[in-house]
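K.L.:
Let me give you the structure first, and then I'll get to my questions.
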Amino acid sequence: MLTGPLLITTFRQGKAYPYKLTLKESSLELASNLIQLFQSSIGNRRFEIEDEIKAYHLEASNPKIVEGMAKILFQRSEFSHQHIENPEGFRNTIYSQSANYWRNNPDAKITFDQHKSKILSPIEGFEKDWLDATELLLFSDISSNQKMTGFESIKPENLIHRFNIEQVQGLLISAKKMELRIQKQSDATLRQVLQMMKFFRLIYTLDSLEDDSIHLTIDGPGSILENGRSYGLELAQFFPAILLLQVEWELKATLEIRNRPRNFFLEINQKNPYQTHYTAKGIWKHERIEQIVSRFNEKYQDQYKATLEPSLISLPHNYYLLPDFKVTLKKGKKTKPVMFEWIRYFTDKKLEWLRQLEPHLPDNYVFIVKGKKNNFKELEAVMGKRLLRFTSELTAPSIKKRINET
């Protein structure tokens, strides 16, 4: 997504206004020309494409528009990645071998291509099929020298919509916090919103539920105990999902802008001009969770059945649970399924919320956390068997063990 110098933002009276391109003829023409450039660049090196992009700077009132669109198109491109260990050492070996060759053959015509087989073949470990890709191998650690091998095209108007959305995402990636008010209408709306939050693994609190509205406060990356940068990306990627909501909503983000002494607010509601590239989903299922369920069923298919669980569980005091998956015993006396919820990121506030929640937690509900034992010593003392902690990878046997103990 677009960040740093590629963001175009106006700050006025305490508010941030990200730049928005309209679908006017000049913008569509610029987008179309850049797309055509990428479509015709298969086989060209990255630096050659970048040189051609510079020629388009005169077509836009702000070169950041060209660079921003180009970055989005680069993200849709594939480049050759000839990989060898220690490319710097590989270069030095070839340079040394080449210098020795020319010293020993002073009368030879200095054209590398005509002599490269004789120069390179004596090098230990050099493979014959590398001869045609020697230059790529020489600079395999330099991205600008890689060749484009594929490009996923996009319509000009969709490129403009992506540009506008990524201007917002670039601000949200370092938001101090984000508040989201949504018209509830039904439990299905609440379930959809919470599924979205869990899909992007966001940390939030449900502050109020009144006047048929949902008020959520979402923590920013600065409050995350570990992996704040990764969490910031999740927060930014959540924004296009909000645009799918078919109810009234308001978003207010508190922004901490580098080199600016005060916070600014970004405010967007359902009347915005943005168009999302996400598609609507019946259930927001995270790939990691699907993999866990699949592995568990494969290993214990005769004893258990694990399924994705989208049901919303309402508890006293406006507490809500949304498990990721549940496991049911196929045979035996234990008929009540065990439900699991994986909490990916943590803040001090989230840990306190879990402590407050514990008295209201169903006996068959288990939270999954990742990290060292010292980080969750107090929480394990409170939760006991309702907490499943792992350090490197969540395994099917660890889930089965916790089921037997619950």
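K.L.:
Among the residues of the range 378-399, which ones are within 16 Å of K350 (Cβ to Cβ) and among the charged types (D, E, K, R)?
P.N.:
E378, E380, R386, R389
K.L.:
Within the range 299-315, is even one residue over 22 Å from the mean Cα position of the chain (by Cα), surrounded by fewer than 17 Cβ atoms within 10 Å (Cβ to Cβ) and of a type in the set (V, I, T)?
P.N.:
Yes, that holds for at least one residue.
K.L.:
While we're on this one: Among (1) modelled with pLDDT under 90; (2) on the phi < 0 side of the Ramachandran plot; (3) surrounded by fewer than 17 Cβ atoms within 10 Å (Cβ to Cβ), which single condition is V247 missing?
P.N.:
Among (1) modelled with pLDDT under 90; (2) on the phi < 0 side of the Ramachandran plot; (3) surrounded by fewer than 17 Cβ atoms within 10 Å (Cβ to Cβ), V247 violates only (1).
K.L.:
Residues that are closer than 30 Å to F264 by Cβ and at pLDDT 80 or above, at least 3 per element: which helices (runs of 4 or more DSSP H) completely within the range 1-114 meet that?
P.N.:
On the way: elements: 25-39, 46-54, 63-75, 87-104.
Where helices (runs of 4 or more DSSP H) fall fully within the range 1-114 and carry at least 3 residues being closer than 30 Å to F264 by Cβ and at pLDDT 80 or above, they are 25-39, 63-75.
K.L.:
Shifting gears a bit: Taking interchain pairs and intrachain pairs at least six residues apart, which have beta carbon atoms under 8 angstrom, with the first residue in the range 89-103 and under 21 Å from I142 (Cα atoms) and the second among the polar types (S, T, N, Q) and part of a helix (DSSP H, G or I)?
P.N.:
Hits for this filter: I94/T134.
The values are calculated or read from the model by the stated rules, or taken from the named source; none is laboratory data. Computed from a predicted model, the values in this text were never measured in an experiment. FYI the Cβ positions are ideal-geometry reconstructions off the backbone, even for glycines, and counts take in every protein chain you see.
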